[in-house]
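> After the structure tokens below, expect a handful of questions from me.
Read the figures in this text as sums done on the coordinates, not as results from a lab. The structure displayed is predicted, hence computed values, not measured ones. Cβ atoms come from the backbone with ideal geometry, glycine included; neighbour counts cover every protein chain shown.
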Amino acid sequence: MHCSCGSSPDHSSGGLTALTCPVRPGTFPAMPYTPATFEPKWQAHWRENEVFRSENDSQKPKFYVLDMFPYPSGAGLHVGHPKGYIATDVLSRYKRMCGFNVLHPMGWDAFGLPAEQYAIETGTHPRETTQRNIDNFRRQFQALGTDYDWSREIDTTDPGYVRWTQWIFRNLYEKDLAYLAEVPVNWCQALGTVLANEEVIDGKSERGGHPVTRVPMRQWMLRITRYADRLIDDLDGVDWPEAIKKMQRDWIGRSSGARIAFALPDNEGQHLEVFTTRPDTLFGATYMVLAPEHPLVPELTTADQHETVEAYVDQAGRRSERARLAETHEKSGAFTGAFAAHPVTGERIPIWIADYVLATYGTGAVMAVPGHDTRDYEFARRFDLPIVEVVAGGDVAIGAFVEDGTNVNSDFLDGLRTPEAKLRMTDWLEEHGRGEATINYKLRDWLFSRQRYWGEPFPIFHQEDGSTTLVPESDLPVLLPDLDDFKPSGEFEPPLARVSDWIETVDPETGKRVRRDANTMPQWAGSCWYYLRFCDPRNTNEAWSQEAEKYWMPVDLYVGGAEHAVLHLLYSRFWHKVLFDLGLVHTVEPFQKLLNPGMILGYSYRYYDDNPNDLPDASVTAYPSSETQTLEESIVHGETGATLKTRWVAADDVVWNDDGVPMHPTIPGLALEEVTEKMSKSRGNVVSPDDVIAEYGTDAMRLYEMFMGPLEKGAPWSTDSIPGVYRFLQRAYRLVIDEDADGERPAAIAPGAGNEAQARLTAKTTHGVTQDIEEMQFNTAISKLMVFVRDITKEGPLPRDAAESFLLLLSPFAPHLAEELWQRLGHAESLAGEPWPTADAALLVEDTVTLAVQVNGKRRSEIHVPSDAGEDAVREVALADVAVIRHLDGREPKKVIVVPGRLVNVVVG
RNA sequence: GCCCGGGUGGCGGAAUGGGUAGACGCGGGCGACUUAAAAUCGCCUGGCUUGUGGCCGUGCAGGUUCGAGUCCUGCCCCGGGCACCA
């Protein structure tokens, strides 16, 4: 590996240019702390000697720590990415030293849109782009000093991996969990593909924010809904952030209630089914509402209402998802002219259609209980429909009462509390064959095909009779044909559809002519099971061996972004449960503990101009944020009302005026607005780890990211604080290396454990750092290491025992420096194989303790007492304290509270 | 609108089975070294106050307690998620 060398740093002349000059083994240049002289050396050492290789046949206890593997984008890593990677690296190095056989692998989620879009633009095959990006990512990961076991590297686009992804699809198909269906799908024109429900947010694509429309299409679906209950219930057994669990539960959206049948007296043999969570309010149902798309709408609508209904259905169909959302509170609808019979009273109640009822949830029809449902209430008010109170507790003249209460106006339910009334009504419905208890889910089946090239082909043959069969296992993998032109073939046609000599083939089992499936799998497919492949990545006979899976699974710690809460994490749990049912894995859940590192943000700088459509020859005026006004959909000039477009100035181009205000580099007097947001190329706020490493070294970069705050918390990247950790590393270096001599000699190091204070500090640091790492509180662990370096030589030269313990404690955070100093202390072996130090418990107990002394709860003094002093002795010392006597001012203490090891509080009246 | 997080010095953040608020770092100040600067090292650094000392202080207002950043009640603000799911 060669390293690029950035601008010369201002604090250590000459040192970093050595980056390009490899250090000869065994020579120590006479220099101060210059990480560039030894960091690449140790990275090469770890790699070449496979120091971090993990074996499957170990007798040691295992520890599987996994990062969500990245999509290798063309832009490379930015400083926002490594936070989680460094955290798992610290932990895995620590666990290894604690005697665990650690699995810490890395790979590439390498199918995906950007490579394909790049291919459409330039004709470069995605395989080529992907390979280049992977090489760059691997280089960057290695430059971060990570301890990945590269012998287990995975690439989801590799035929040897695709084969097993297709093999799992075969299993899904055979278990009747994969099926083709003509369904309304989310079509994204800009991306040229359909998307899963989980990939659509506010009517726009999760990636890129492009508009999405509903189009009926024949697509592959996976029956994730069959696992809905287990996907909810098994969350109880995993150690995940509550917020993520909740998002998954909400997404699955389980609710229990009843299905109720309403007869249609005017339509022979037909009936309407509704789902409700409140069967107890059935007597309050005064009308019904169907979704405009409900299949019975045309049939039910009476002749005189035909025109109105058709107009409404048409309008609802054309209204975009966004428009529907925008008018959440303005209810609309139309009367069909038809009536249903109330299942208990037989009363005729009118049937309406309205777009507040969703076709895709429940039965697409509801019984409207305006007295006890907010939406029905609004609708009833809008169209003057009757509102009946059936649960006492609120006032239906003012609004819907949606809480539990006691039934009224409800015949046989009167006087019952809500939970009992629900049961009673459900029983009644079941007895009379008018309904039954049921559970409903928001979760829909998973739309699993994409109209793209760069993904896994389906191992499917379309037979001439229209049926589908599986490609035999022995013929896997089904590989992508090579293309020169990656553009979609037509409006909804994937690029593969036009490759006729690939599409048209022969079924090897029957010899019949068959067609392949032109769709490919979504990017989630590869990431659904990669954690299993890491257990046994080079197995060519099976996806993984049973022994490997039994040994390594489950993943003990999984670290990655919270943005995958309902995407990757839900999908992979689903696959895992299917594999569990097939007896292929032995745990019900794949990821035991989950942690979401906070996002590192960048500062970006914006202004606006009045050329929203980017017309080339327009005369453009630029405005600062202060003159703009944000409307619902757009940003306009505060005075003229002209539509404006946001423009961004790259952080590097910003000019700062004397008052510290960011200014536009070329437009005079234009102040920019500083905002902190996710790093992205388009915002010009990306900081590359390559640059940070070139200037301060890898250890400083690692230490800074771990020191800036708790792992779960996000924060803007600020280069200002790096010199602090850099200085700490420098001090640590000088602690061991005598810089004033020729830099080759170790500093004066005393044999043994040193004096008592030094031994105590060493023990305290060892104990504290260990505990902090166990709790993933890396920022406080680092602070304890800083205290050690500051104080250890205060009363004597550095003791050898202290030095060695310190280097071992430092090594997970700053592995290069620790290895370098360890070697200079005379060790021949890498410290990665050393056992983690332990603290002598006897040294952790102090002889004397300092207690705060309060008078009436206010701190007035402090006393020093032997740590084993009794309560009476402590009280005596406290009451004899001059400051205490002064504040007592002759008054008698009413009570003296002694908190051992903490404080004394003297209470007076 | 609903549901989660979270508000602590100029800044990043420590400290919660209630017990010395502000560890550690950044920034700032003073000093040492130096012809000088940089680097380095040492000390100081929540606010107010006339010194030793005192008063105030963890978003705001109350409460419980000998004692509250930590517990309770009611608000305010910020970040994230969901958004007609019957």
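> Just rank A:ILE863, A:ILE201, A:ILE503, fewest to most, by other beta-carbon atoms within 10 angstrom.
Least crowded to most crowded, the residues run A:ILE201, A:ILE503, A:ILE863.
> Can you work out the FRET efficiency for the pair A:THR406 and A:THR345, with r the C-beta to C-beta distance and R0 = 30 Å, to the nearest 0.05?
0.90
> May I pose another question? Enumerate by residue number the trypsin sites (Lys or Arg not before Pro) in region A:778-818 meeting two conditions: DSSP loop (anything except H, G, I, E, B), and at most 14 other Cβ atoms within 10 Å of the site's Cβ.
The qualifying sites are A:LYS794.
> Sticking with this structure for a sec: Arranged from highest to lowest average of other beta-carbon atoms within 10 Å per residue, in what order do the peptides A:149-156, A:814-821, A:671-678 appear?
The most tightly packed comes first, giving A:814-821, A:149-156, A:671-678.
> Related question: With label points built 7 Å along Cα→Cβ from the Cα atoms of A:ALA883 and A:ALA397, find their separation and express it in nm.
Result for the modelled spin labels: 6.7 nm.
> How large is the dipole of chain A about the Cα centre if only Lys and Arg carry +1 and Asp and Glu carry -1, each at its Cβ, rounded to the nearest 20 debye?
Using only the charged Cβ atoms, the result is roughly 1520 debye.
> Mind pulling up the Rg/Rh value for region A:673-788? Radius of gyration and Kirkwood radius, both on Cα.
1.07
> Please state, rounded to one decimal and in Å, the Kirkwood hydrodynamic radius that region A:846-908 gives when every pair of distinct Cα atoms enters the mean of 1/r.
Here the Kirkwood hydrodynamic radius works out to 11.3 Å.
> Multiply the residue gap between A:GLU431 and A:ARG381 by 0.36 nm, knock off their C-alpha separation, and tell me the result in nm, one decimal place.
14.5 nm
> Roughly what would the spin-label model give for A:ASP239 and A:ALA263, points 7 Å off Cα along C-beta, in nm?
My value for the distance between the label points is 6.0 nm.
> Once label points are set 7 Å from the Cα along Cα→Cβ at both A:ASP158 and A:GLU712, what is their separation, rounded to one decimal in nm?
Using points 7 Å along Cα→Cβ, the separation is 3.5 nm.
> For A:ILE792, A:ILE897, what ranking results if the residue with the fewest other Cβ atoms within 10 Å of its Cβ goes first?
Placing the least packed residue first, the sequence is A:ILE897, A:ILE792.
> Exposure proxy check: A:ILE232, A:ILE353 ranked by fewest other beta carbons within 10 Å?
The fewest-first ordering by Cβ neighbours comes to A:ILE232, A:ILE353.
> Follow-up question, since we're still on this one. Please give me, ordered by residue number, the GluC sites (Glu not before Pro) of region A:522-588 that lie in loop per DSSP and have at most 14 other Cβ atoms within 10 Å.
Counting only loop positions with at most 14 other Cβ atoms within 10 Å, the GluC sites (Glu not before Pro) in region A:522-588 are A:GLU542.
> I need the peptides A:391-402, A:551-562 ranked by packing, meaning the mean over residues of other C-beta atoms within 10 angstrom, with the highest value on top.
A:551-562, A:391-402
> Sum -39500 (n - 2.57) across every DSSP H segment of at least 4 residues in chain A, then divide by the residue count to get the 222 nm mean residue ellipticity, nearest 500.
-9000 deg cm²/dmol
> Also, quick follow-up: Given Cα positions, please report Rg to Rh for region A:601-683, the hydrodynamic radius being the Kirkwood one.
Over the Cα atoms of region A:601-683, Rg/Rh equals 0.96.
> A further question follows. How much FRET efficiency would the formula 1/(1 + (r/R0)^6) give for A:ASP229 and A:TRP167, where r is the Cβ-Cβ distance and R0 is 35 Å, rounded to 0.05?
Once rounded, the FRET efficiency stands at 0.85.
> Please list 3J(HN,Hα) in residue order for region A:532-541, calculated via the Karplus relation 6.51 cos²θ - 1.76 cosθ + 1.60 where θ = phi - 60°; whole Hz, with x for glycine and proline.
Karplus values, whole Hz, x for Gly and Pro: 7, 5, 4, 5, 7, x, 9, 6, 9, 9.
> Right, here's the next one. Within region A:38-79, which trypsin sites (Lys or Arg not before Pro) sit in a loop by DSSP and count at most 16 neighbouring Cβ atoms inside 10 Å?
Those satisfying the criteria are A:ARG53.
> So if each residue of separation counts as 0.36 nm, and I subtract the Cα-Cα distance between A:THR676 and A:ASP482, what length gain in nm does that give?
65.6 nm
> Moving on to the next point. If you take the Cα Rg of chain A and divide it by 2.2 N^0.38 Å, with N the number of residues, what do you get?
This ratio for chain A stands at 1.17.
> Would you mind calculating the relative contact order of region A:695-843 from Cα pairs under 8 angstrom and at least 6 residues apart, reporting the percent as a whole number?
29
> Nearest 0.05, what FRET efficiency do A:TYR179 and A:GLU493 give at R0 = 22 Å with Cβ-Cβ as r?
Once the sixth-power term is evaluated, E becomes 0.55.
> Give me the extension gain from A:THR124 to A:ALA642: residue separation times 0.36 nm, minus the current Cα-Cα distance, reported in nm with one decimal.
182.3 nm
> In Å³ and rounded to a whole number, note down the convex hull volume per residue for the Cα atoms of region A:235-349.
Spread over its residues, the Cα hull of region A:235-349 gives 162 Å³ apiece.
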